Amino acid sequence: MLKPRLKLLTLIILTLSSVSIAQDTARIVTENIHIPQLNRDRSLRIYLPAGYTSSKQKYPVIYMHDGQNLFSGTKDPAFSWYIDSLLKTYPAKKQAIIVGINNGPNRIMEYNAWDSKYGKQEGVAYTDFIVKTLKPHIDSTYRTLKDAKHTVISGSSMGGLISMYAAVKYPQVFGTAGVFSPSFWIAPDMYKMVSTEKPITKNRFFLACGDQEGDEASYVARMDSLLSAKGFDRGHVPAPLILKDAKHNEAQWRKAFAVFYAWWIKQ
């Protein structure tokens, strides 16, 4: 029989262990970061999987735009992708760190690498910020798998456009791009860039949109054809996901991201 003091000590240890386990659930942390390339500040929302604190596991990272809309707790639930809820359905070894970069008042310019009728492009500097400032910060602060195979960039609408641009410009950094309802119409030079850049055909691109988005499906099909002509096979660029009766909104991107994540995590 345990002596009273030993019993008390054992009880304390078990209690502290239980508290530690209970607190080590999936969570979202927030940070502020300076964008030296654009001389402005931005907020981050970072999803850390359950078990992150108590384990030594390293995780792949998905960098995403429009961070305000990615997780539960948005002001209007209709505008959330609920990515945190989706990832919680996967075991810890199949989860990723999600780095959500909040958008700002210059969203259209930041998410475009070419000038448009909406203003001068800021996408080149914004992409360089992710590659040269944000990624080194995330890799030094969190336990990440740093190689391109485990580094993804993803977004929707203008965020889809800048994700495509970033993955083509920095294929050695981003091994996969999740490109949802990309606004290729605003930047036709995106097609020219894909046609002229030397491809890394081991990289992956996932294209998706709804069938109720005007000509979006035709823009996506054109990009798919270009990637095929550059030598990408269906193992690396699956046939575009065209969701039936889906419009240009978060409800569609929530569904598309779930399909994308299930495909990507198997790689």
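Remarks
- Degrees, to the nearest 10: 216-229 long Cα axis against longest axis of the chain: 90
- Cα shape, segment 61-198, gyration tensor, a/c 1.5 rule: oblate
- For the chain, calculated [θ]222 nm from helices alone, where every DSSP H run of n ≥ 4 adds -39500 (n - 2.57): -10500 deg cm²/dmol
- Extended-chain gain in nm, criterion 0.36 nm per residue less alpha-carbon gap, V29 and M193: 55.5 nm
- Computed from Cα atoms, the angle from the helix 158-169 axis to the main principal axis of the chain rounds to 90 degrees.
- One Cα centroid belongs to segment 102-177, the other to segment 201-267; the line between them spans 18 Å.
- Rounded to the nearest 10 degrees, the inclination of helix 4-23 to the longest alpha-carbon principal axis of the chain is 10 degrees.
- Bridge type composition, the chain - antiparallel percent by DSSP, nearest 5: 40
- Choice from N69, N39, N103 with maximal GNM fluctuation in the chain (Cα, 10 Å cutoff): N39
- Residues in segment 246-265 that a label on R222 would reach, taking backbone N under 20 Å of a point 7 Å out along Cα→Cβ: 248
- The alpha carbon gyration tensor of segment 115-257 gives principal lengths a ≥ b ≥ c with a/c below 1.5, which makes the shape rounded.
- Of all lysines in the structure, the ones whose alpha carbon falls short of 19 Å from that of K58, not counting any fewer than 8 places away in one chain, are K88, K93, K94, K135, K146, K149, K266.
- The slack in the chain from D245 to K58, taken as 0.36 nm per residue of separation less the alpha-carbon distance, amounts to 63.5 nm.
- Where chymotrypsin sites (Phe, Trp or Tyr not before Pro) fall in DSSP loop in segment 160-267, at most 13 other Cβ within 10 Å: none
- Rg over Rh [alpha-carbon atoms, Kirkwood Rh] for the chain: 1.05
- Note: relative contact order over the chain, using C-alpha pairs below 8 Å and six or more positions apart, is 15 percent.
- Listed peptides 152-164, 111-123 appear in the order 152-164, 111-123 once ranked by packing, highest mean of other Cβ atoms within 10 Å at the front.
Each value in this text was obtained by applying a stated rule to the coordinates, not by laboratory testing. Computed from a prediction, not measured in an experiment: that's the story for all the values here. Cβ coordinates were reconstructed from backbone atoms using ideal geometry, including for glycine residues, and neighbour counts include every protein chain displayed.
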